[in-house]
Amino acid sequence: MIESNVDERLTDRRTVGRIGNLPVDRARLGVQRLATVATLSAKTSFPVRDSATTADAQLQPEAILSEWRRDEVKDLLQLPIFDEGTASTIRVHVKEVQEFLCAQWLRDRVQNDLLTQERLAALLFRPSGARTTIPTHLASVAAWLALDNSYVSELMIEHAPHQLLDEGDPASLPTTTRERILRAYAAKFGDRNRTEVHFNERGLRRFSHPDLSPVITELISSVPGEDVRATMLDIVAAGKLGGCADIALQLAMSSETPGHVRDAAVRAASHAGSPTQRVALAALASAPGTLDLEVAGTLVASLYPDPLTTGMLSDLIEAIASRADAHQATRLHRALSREVVQRCPPNERLSLASSMNRAVEQGCEWISESLVELVAVHLRERPKDVFTPEIDEVLGRFDTLENRWESHDSNIKPLEGAAEHVDLRRNLLKWYVQRLLGQKEDVSIGCSSQIDAHARRLFFAGFGDLGVMSTMLAST
């Protein structure tokens, strides 16, 4: 996919004034050389102004392509494979493409006997105490080379198997090689619970394959290291490996499973499981005492609203609200504010809002952000010319929220939603001003100033013109 993207951008000459002056093969060699110098220097851009420092001047395209004519360099840099980095720099449009092009250049040098395997290995693999490592900026380059260079592949499996799980193009590796990589990764990191090694989901999806299900199941069952087990489950989720769904569900349902392993197991069982297994997984919501909030958040994000229904979610929210560990910075908070708000069926929003409201009243204030988001979505999607009985219910939410208007910027969103409803904005403004007046025994100048401040806030949220506001305020 990357190679076809490179070909397309090298043949697109619409941005080059002198069409046809720069052959595609020469353009390819030029961009490969630039990408190689940038990658080996751990850079992502080239200076293109004469004001560059002495060190940066060596990275100018004209200096790297010193035998090229100036007009050729100019034509090359106008191709859509380059983007402007800053006002004084240019870069290959995507970092992954730069690394791919660097690997191509090194591969060609080896194939043409201009670079030995030993010199290539010395470039990619560096001693670090008793270990051999690959510099971070060269990991993707090494992974690309490992696809058709068995020497590099064997060294990576021995010293850095984890960097073959998501770097380069894992889908192009034979499944037998992928199995060796998994076993080497488990052997290298399997005795540790925390490895500080992280993977991107897209790479794991390309690495995943149904034929790997037996070895993944085996490693999940036998390796003690928590991070390795979690990574295996992430591969199951990314590739939707149904052959591993049983063990994923088993780990997800057990309160004895370590937290982040259980989190990965919930995600794996929800992605790879059958409808029956997903229903069994959703039953975890009925036992909130056994869930930490990260796992609960993954459960909600993965299964709501089917098979984890709004009623089940409401029960979960109210059960968790009184827990001492309930706070904002968790996956559950993010799931309620994002996935739940986006997916909640319109006819179930108000019942869910009632449950959230009760949780806030119990002291679980971090749910108020999700509540206002839900109310805002509901208001935005209601008919604009109909004042429905549910409006009173919506206004009731503001009993809980109005004291937080000043502390949470997001709480302006329900006001913006309400501003689209003529009848609602009139009633809300009148209701809110009456509340303010009722909070003071003496309607003093200070109270009027308070009213003015909130009236201005409502106005800038879109509540009509100043004349309408003045009339409403006068009538109260």
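The values are calculated or read from the model by the stated rules, or taken from the named source; none is laboratory data. Computed from a predicted model, the values in this text were never measured in an experiment. Cβ coordinates were reconstructed from backbone atoms using ideal geometry, including for glycine residues, and neighbour counts include every protein chain displayed. Side chains are part of the model used for accessible areas, which takes the heavy atoms of the whole protein and leaves out ligands, DNA and RNA. Shrake-Rupley method; radii C 1.70, N 1.55, O 1.52, S 1.80 Å.
Got a sec? Which of PRO127, PRO161 is in contact with a strand residue (DSSP E or B) (Cβ under 9 Å, 6 or more places away or on another chain) and farther than 28 Å from SER4 by Cβ? Of the residues listed, the single one that is in contact with a strand residue (DSSP E or B) (Cβ under 9 Å, 6 or more places away or on another chain) and farther than 28 Å from SER4 by Cβ is PRO127. For segment 267-297, a tally of residues being within 18 Å of ARG205 (Cβ to Cβ) and part of a helix (DSSP H, G or I) returns 6. If you check MET156 against the conditions, is it part of a helix (DSSP H, G or I), free of Cβ contacts under 8 Å to residues at least 24 places away in the same chain and open to solvent by less than 40 Å² (accessible area, probe 1.4 Å)? Judged against the criteria, MET156 is a match. Each residue in segment 215-252 was checked for being open to solvent by 20 Å² or more (accessible area, probe 1.4 Å), touching a Gly at 6+ places or on another chain (Cβ under 8 Å) and not in a helix (DSSP H, G or I), and 1 of them qualify. The condition (being within 23 Å of THR310 (Cβ to Cβ) and among the aliphatic types (A, V, I, L, M)) is satisfied by just one residue among LEU204, LEU233, LEU293, LEU219: LEU293. For ASP71, the stated conditions hold: it is more than 34 Å from the chain's Cα centre (by Cα) and in contact (Cβ under 8 Å) with a residue 24 or more places away in the chain.
Determine whether ASP166 is closer than 30 Å to GLN111 by Cβ, in a loop (DSSP other than H, G, I, E, B) and not aliphatic (A, V, I, L, M). Answer is yes for this residue.
Kindly provide the set of residues from segment 140-162 that are within 24 Å of the chain's Cα centre (by Cα) and within 12 Å of ARG178 (Cα to Cα), ordered by number. Of everything in segment 140-162, just one residue is within 24 Å of the chain's Cα centre (by Cα) and within 12 Å of ARG178 (Cα to Cα), namely HIS162.
Considering segment 44-82, and only residues there that are at pLDDT 90 or above and under 26 Å from ALA142 (Cβ atoms), the residue that is surrounded by the fewest Cβ atoms within 10 Å (Cβ to Cβ) turns out to be ILE64. Yes or no: LEU212 closer than 20 Å to ALA237 by Cβ, in contact with a Ser or Thr (Cβ under 7 Å, 6 or more places away or on another chain) and crowded, with 18+ Cβ neighbours inside 10 Å? Here the answer is yes, as LEU212 does meet what is asked. Contact annotation: residue pairs with Cβ atoms under 6 Å, 6 or more positions apart or on different chains, pairing a residue in segment 126-140 that is closer than 27 Å to GLN104 by Cβ with a partner that is of a type in the set (A, V, I, L, M), are ILE134/LEU124; ILE134/ALA142; ILE134/ALA160; HIS137/ALA42; LEU138/LEU124. Does ALA187 fit the bill of being open to solvent by less than 70 Å² (accessible area, probe 1.4 Å) and either at negative phi or among the small types (Gly, Ala, Ser) (or both)? Considered against the rule, which asks whether it is open to solvent by less than 70 Å² (accessible area, probe 1.4 Å) and either at negative phi or among the small types (Gly, Ala, Ser) (or both), ALA187 comes out as no.
The number of residues in segment 83-108 being among the acidic types (Asp, Glu) and open to solvent by less than 50 Å² (accessible area, probe 1.4 Å) comes to 2. With a requirement of 1 or more residues that are at pLDDT 85 or above, the helices (runs of 4 or more DSSP H) lying completely within segment 305-422 that satisfy it span 310-320, 331-335, 349-361, 368-381.
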